[in-house]
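Below: the structure, in structure tokens.
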Amino acid sequence: MNRIRNSFIVRQAGYVLLPVAFSLLVVALVAFLMNRESGMNTVQVGNQLAAEQLRLVAEAGLQHARWAADNSMCTGYTLPATGFGDHVYSATFTPTSGSPSDIIATGTLDSGMTRTMAMSEMSVYESPTTLVLQPDATGGKDTYLYMWQKSRNFGTTASLWVSNEWADSLAYSLYQFDVSAVPPTAAVTSAILELRQNTPSANGGTVGVRSITSDWIEGSKNGNNGDSNWDNRDVATPWTTAGGDYASTVESTATIASGAVGPVQWDITDLVNHWVQGTETNRGFILTPESPNTHVEFDSSDVTTPANRPKLTITYACECGKGGGSGTITYQPGATGKDVYLRGTRNYGATPYTWIDTNVPYHALYEFDLSEFVPG
């Protein structure tokens, strides 16, 4: 199965924080065309180059507008006239807060020629959030499957193997991270897996990450028989294929040098996006050897040094006004708070208490500022 991000994620992953490099590229293109124009003498070519320059200036305005919206904390979108060499671009937004928003960008050459470019219903995102998952033995779920010792479980082993070093020596490592803290409406822009290779005598090799397709248990053994193993995904249920059920597609690979001890990283952004959006069930992933004579050993969540445990760093952003999941905000203002009680013609706005009474009667009034919430 070829894994291709849906258009929503492709679009947003590149623009949650628009790289300045794009604008620099546009500047370079405009400069190239201007220099090229100086060496040509025909009116026709000059007009074509001017039209191309104008398109690039308007495109620069459109991309700058996207960046401006994504960095405006979901409100007050604006892009006034901005110099671009000898030229100018600007943009308007409708609406100027929330998401989506329509953009109209206008590019103007120094000759006075103008061109507009529009983008309808552009999704605007909040500032990115980074979540670091690095569970201990209690919260972590990892083990490895060993063909040479098919009935043994390694759920509490501190070192997990990935190997095809010799015949019948196949070993695959299994991991699962709980990503439920990422809101299902979020776009994951980065998900980096980091494991520590811990064995100086290891051969090294190329190791791939593949999605696991069947539920499994970690087990509680340290090389003893039982629980999940090469043949079974839990105490008594066999894998569909011995050695684990996993996708044929390799999500990401990393090559480890022989004897290299230290952190190794894989980019599994696409896979985590599928888990978060619910297009694929999160059953974790399996590490498989992707080169001959591979043998590496990684620290598990059971190691005693917290910094050496498996780590998944996820960066995501939620669309403005579309919700970042549940959360709690407590409002308890001091003297700047707005409250009073009503009694006849007198005012009690500065009184350190309010009064409610059915006999007189007295009524108490309160108002909290909820303006930090985006409409919707």
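So here's what we get for this one:
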| quantity | calculated |
| --- | --- |
| Scan of the stretch 318-347 for residues that are at pLDDT below 90, farther than 28 Å from Gly76 by Cα and in contact with a Phe, Trp or Tyr (Cβ under 8 Å, 6 or more places away or on another chain), ordered by number | Arg343 |
| Pick from the stretch 340-368, criterion aliphatic (A, V, I, L, M) and surrounded by 10 or more Cβ atoms within 10 Å (Cβ to Cβ), ranking: nearest to the chain's Cα centre (by Cα) | Leu365 |
| Odd one out for Asn222 among (1) under 19 Å from Pro135 (Cβ atoms); (2) under 33 Å from the mean Cα position of the chain (by Cα) | (2) |
| Leu145, sole failed condition from (1) without any contact (Cβ under 8 Å) to a residue 60 or more places away in the chain; (2) under 30 Å from Asp245 (Cβ atoms); (3) among the aliphatic types (A, V, I, L, M) | (1) |
| Test result for Ala350, out of contact with any Cys (no Cβ under 7 Å at 6 or more places or on another chain), modelled with pLDDT of 90 or more, among the small types (Gly, Ala, Ser) and in a strand (DSSP E or B) | no |
| Residues satisfying the stated conditions in the stretch 148-171, i.e. surrounded by 16 or more Cβ atoms within 10 Å (Cβ to Cβ) and either at positive phi or touching a Lys or Arg at 6+ places or on another chain (Cβ under 9 Å) (or both) | Arg152, Asn153, Phe154, Gly155, Thr156, Thr157 |
| Conditions (1) closer than 19 Å to Pro310 by Cβ; (2) out of contact with any helix residue (DSSP H, G or I) (no Cβ under 6 Å at 6 or more places or on another chain); number of the one not met by Val179 | (2) |
| Some residue of the stretch 124-131 being open to solvent by less than 50 Å² (accessible area, probe 1.4 Å) and within 30 Å of Ile256 (Cα to Cα) | yes |
| The stretch 197-219 - residue that is surrounded by fewer than 19 Cβ atoms within 10 Å (Cβ to Cβ) and farther than 21 Å from His295 by Cα and, of those, nearest to the chain's Cα centre (by Cα) | Thr213 |
| Considering residues of the stretch 119-137 that are touching a residue at least 24 places away in the same chain (Cβ under 8 Å) and assigned to a strand (DSSP E or B) only, the residue nearest to Trp216 (Cα to Cα) | Leu133 |
| The lone exception for Ala187 - which of (1) touching a residue at least 40 places away in the same chain (Cβ under 8 Å); (2) closer than 26 Å to Ala257 by Cβ it fails | (2) |
| Among residues of the stretch 163-208, those that are farther than 15 Å from Gln265 by Cα, polar (S, T, N, Q) and assigned to a loop (DSSP other than H, G, I, E, B), counted | 7 |
| Output for the stretch 89-117, where each listed residue is under 28 Å from the mean Cα position of the chain (by Cα) and loosely packed, with under 15 Cβ neighbours inside 10 Å | Thr94, Pro95, Thr96, Asp102 |
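One line per residue, one yes/no per condition, for (1) at pLDDT 95 or above; (2) not in a strand (DSSP E or B):
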| position | (1), (2) |
| --- | --- |
| Ala105 | yes, no |
| Gly139 | no, yes |
| Asp142 | yes, no |
| Thr157 | yes, yes |
| Trp161 | yes, no |
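Residues checked against (1) without any contact (Cβ under 8 Å) to a residue 40 or more places away in the chain; (2) part of a loop (DSSP other than H, G, I, E, B); (3) open to solvent by 10 Å² or more (accessible area, probe 1.4 Å); (4) within 20 Å of Ala158 (Cα to Cα):
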| position | (1), (2), (3), (4) |
| --- | --- |
| Ala260 | no, yes, yes, yes |
| Trp266 | no, no, no, no |
| Val272 | no, no, no, no |
| Trp275 | no, no, yes, no |
| Asn282 | no, yes, yes, no |
| Leu287 | no, no, no, yes |
| Pro292 | no, yes, yes, no |
| Glu297 | no, no, yes, yes |
| Val303 | no, yes, yes, yes |
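The values are calculated or read from the model by the stated rules, or taken from the named source; none is laboratory data. Quantities reported herein were computed from a predicted structural model and do not represent experimental measurements. We place every Cβ from the backbone using ideal geometry, glycine too, and count neighbours over all the protein chains shown. Side chains included, ligands, DNA and RNA excluded: accessible areas come from the protein's heavy atoms. Shrake-Rupley method; radii C 1.70, N 1.55, O 1.52, S 1.80 Å.
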